[in-house]
Structure formats: C-alpha cells, structure tokens
Amino acid sequence: MLVKLAKVLGLGAVSLLICATLWAHHGSAISYDTAHLWTTKATVVEFHYANPHPSLSFDRTDKNGNVEHWVSELLTNPSALARAGWTKGRSEAALKPGTVVKLYVGTSRVGGFSGIVMKIENEQGENIVGERGEMTAVDRDGVPGGLQPGKDDSTK
C-alpha cells in the first residue's frame, strides 16, 4: 500500500513540475513591441542555437558613426528552425561572427539595446533563418537607438 501511495505522489509531483515549466514561458508580445517592427543592417557578433529561443548579439552603426551593441532572441525555437531546414550547423554557418544581415526587430518594451528578431535576411535579401514570410517594418537603419519605446505612438 505504501509503495502504491509513493508512486501516486511521485507521479503527481512530476506532473506539477512539467506543468509549472509550461506555464513559465512568456508571450513575445508581452516583452517586446512586435506591433512596431523595424529593420536595420547589422553585423553578427554571436549566435547561440539554444532552447527555448536562439539568441543573437549584433552591432549596428548609427548615422553618427556610433556603434550600438544589441542583444536579442529569435522568435522561433530550434525545433521549428530544424523543421524548416535550419539545423544547428546550417544556422550557425549562416550567422557566423562578422556576417552582415538585415534584421526585422521588435524592441524590448522597457527600452535599451535589446529586442526580438522576427526575420533575418542575407545581403542578397534572402531569408536565411526560419520561414517568416512577408512582414512589414519601418526602415530605421542608421537611426540612433533603432525604434525605442516612446510616450506616444508619434515617436514610433
């Protein structure tokens, strides 16, 4: 009887841990302004193909010649990338340090040089990571700070 009770309690504990992990994941629109995407030319500094979202560090130069150092996560996860043909090796090769790309970014809602990358294109305009299809964004290449949160929508 005690063994059966221990098994039931153990199964219950494992179920709670799994559910807690699932509930802990945030929605992207909560942390990032995905309604006001912007584009910029950037140079890859570092790319990590990791769960739950790959991360990308990049540099961009504003029109005054100042280099901004950004950190970001990709909207998609590694399993979705792999299903679209973007394995770890292929993604890391396409996004090796020094690679120049065009990024579609949703800035962190708290500001700073942090955001979520919704789409990545190579210098020929080809989508190089994931399959995001058509999306609209404002070209902010060279604009200091990209598209930072403002007090009203007129700054966006």
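The values are calculated or read from the model by the stated rules, or taken from the named source; none is laboratory data. As the structure is a computational prediction, the values presented were derived from the model and not from experiment. Here the Cβ positions follow ideal geometry from the backbone for every residue, glycine too, while neighbour counts run over all protein chains shown.
Among the residues of segment 113-131, count how many are surrounded by fewer than 17 Cβ atoms within 10 Å (Cβ to Cβ) and part of a loop (DSSP other than H, G, I, E, B).
Matching residues across segment 113-131 total 6.
Might you check whether a residue that is within 19 Å of H36 (Cβ to Cβ) and in contact with a helix residue (DSSP H, G or I) (Cβ under 8 Å, 6 or more places away or on another chain) occurs anywhere in segment 94-106?
yes
Could you list, in sequence order, the residues of segment 137-156 that are over 29 Å from T87 (Cβ atoms), part of a loop (DSSP other than H, G, I, E, B) and modelled with pLDDT of 65 or more?
Residues satisfying the conditions are R140, D141, G142, V143, P144, G145, G146, L147, Q148, P149, G150.
Working only within segment 33-48, note down all residues that are over 20 Å from V138 (Cβ atoms), surrounded by fewer than 21 Cβ atoms within 10 Å (Cβ to Cβ) and of a type outside the set (S, T, N, Q).
If the condition is that a residue be over 20 Å from V138 (Cβ atoms), surrounded by fewer than 21 Cβ atoms within 10 Å (Cβ to Cβ) and of a type outside the set (S, T, N, Q), then V44, V45, E46, H48 are the ones that fit.
Filter segment 74-97 down to residues that are touching an Asp or Glu at 6+ places or on another chain (Cβ under 7 Å) and either under 14 Å from N127 (Cα atoms) or surrounded by 14 or more Cβ atoms within 10 Å (Cβ to Cβ) (or both), then give me how many there are.
1
Which one of these is under 16 Å from S31 (Cα atoms), among the aliphatic types (A, V, I, L, M) and exposed (fewer than 13 other Cβ atoms within 10 Å of the Cβ): V110, V100, V71?
Answer to the check: V110.
In this structure, does V129 turn out to be touching a His at 6+ places or on another chain (Cβ under 8 Å) and either under 23 Å from D33 (Cα atoms) or at pLDDT below 95 (or both)?
Considered against the rule, which asks whether it is touching a His at 6+ places or on another chain (Cβ under 8 Å) and either under 23 Å from D33 (Cα atoms) or at pLDDT below 95 (or both), V129 comes out as no.
Inspect segment 83-91 for any residue being under 20 Å from Y32 (Cβ atoms) and not small (G, A, S) and give the result as yes or no.
Within segment 83-91, none of the residues are under 20 Å from Y32 (Cβ atoms) and not small (G, A, S).
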